[in-house]
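I have placed the structure first, in the form of structure tokens, so that the comments after it can refer back to it.
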Amino acid sequence: MHRVQAHIDRHLDAPLDLEALAAVAHFSPYHFHRLFLAWMGETLGDYLARRRLERGAQRLRGQPGSTVLSIALSVGYGSAEAFARAFRQRFGCSPTQWRNLDQGDRNLDQVAARMAGEHGPSHRFDEGNPVNVRLIDRPAVRMAYLRYQGPYGPALGRFWAETFNPWLATQNLGPVSRFGIAHDDPSLVPPEQCRYDAGVAVPEGWVPSGGALVTELPGGRYAALDFEGTAAEIGAAWAAMMGQWLPSSGLQLDARPCFEHYKPESRLDVQTGVFDCELCIPVAPL
């Protein structure tokens, strides 16, 4: 099912029929439809519609130079009109109205609060604290991961501390890179449907255990930002990359996931909660 979700996110601009997705999951279409509903809590058709609109809303914010039609086509709609009708039904406004909403208020404050899971003070990335983003090329990484689904914020810290780190300690992998992959934008996706993978780089031939799954974190061109702060501040850093840097970069997001990269030498101060990592978003030319 994780493979199916990844396949959908990579091919939102293409037809995605039941038979093809069932083949990805290695089930018959008859069983896959029912299993998907039981596992996801929504039908395949509803899930596809939701993901297309969520990706479209994200691109409207991050690609101000792209037309509504080009964004509609990039997420599988045949016309701007069909996209606009579905968009208004989901978000209560037109794509153009959504694009013209106050980015500072909506992105930096609301997204940061939802990611932090609280409304306390958070670090602001503004004119006095510039977003120092660099472009890098990353190799693909074979990654073992455990998945969490639910609200972002403090629960993610507990997932690392209580679930992922104890599992990792049993794997005898040594000091290797770790990754946190937020598959969903918490300003667009209901908290209970947000997905997050905590992962670690593993060598070829490594055999999964303890409920872990293995996937490939794609390589290629990424925009990267060095972050140092607490869990209450990381949401504002992500929002600054998406809301401040990306729209003026001449680049766009592609279908690869965004992720946190924790290098082997990354640090965590257990008393203050301050940690460091590299925030990476996949980019491609407009």
Handout entry: Any hit, region 159-175, residues being in contact (Cβ under 8 Å) with a residue 40 or more places away in the chain and touching a helix residue (DSSP H, G or I) at 6+ places or on another chain (Cβ under 6 Å)
Key = no
Completion exercise
Per the filter on region 24-66, residues part of a loop (DSSP other than H, G, I, E, B), in contact (Cβ under 8 Å) with a residue 12 or more places away in the chain and among the hydroxyl-bearing types (S, T, Y) are S66
Practice task
Determine if region 67-81 includes at least one residue that is assigned to a helix (DSSP H, G or I), closer than 20 Å to A6 by Cβ and among the small types (G, A, S).
Solution key: yes
Handout entry: Candidates A84, A14, A6 - the one that is closer than 20 Å to Q252 by Cα and surrounded by 14 or more Cβ atoms within 10 Å (Cβ to Cβ)
Key = A6
Exercise for the section: Just need a number here: residues in region 90-110 that are modelled with pLDDT of 90 or more and in contact with a Gly (Cβ under 6 Å, 6 or more places away or on another chain). Expected result: 0
Exercise for the section: Having 2 or more residues that are at pLDDT 95 or above, surrounded by fewer than 20 Cβ atoms within 10 Å (Cβ to Cβ) and basic (K, R) is the bar; report the strands (runs of 3 or more DSSP E) wholly within region 160-217 that clear it. Expected result: none
Exercise for the section: Find the strands (runs of 3 or more DSSP E) located wholly in region 230-286 whose residues include 2 or more that are under 19 Å from L60 (Cβ atoms), and list them. Expected result: 251-253, 275-285
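The values are calculated or read from the model by the stated rules, or taken from the named source; none is laboratory data. Predicted model only: the values in this text are computed from it and were never measured. Reconstructed Cβ throughout: ideal geometry from the backbone, glycine too, with neighbour counts over all protein chains shown.
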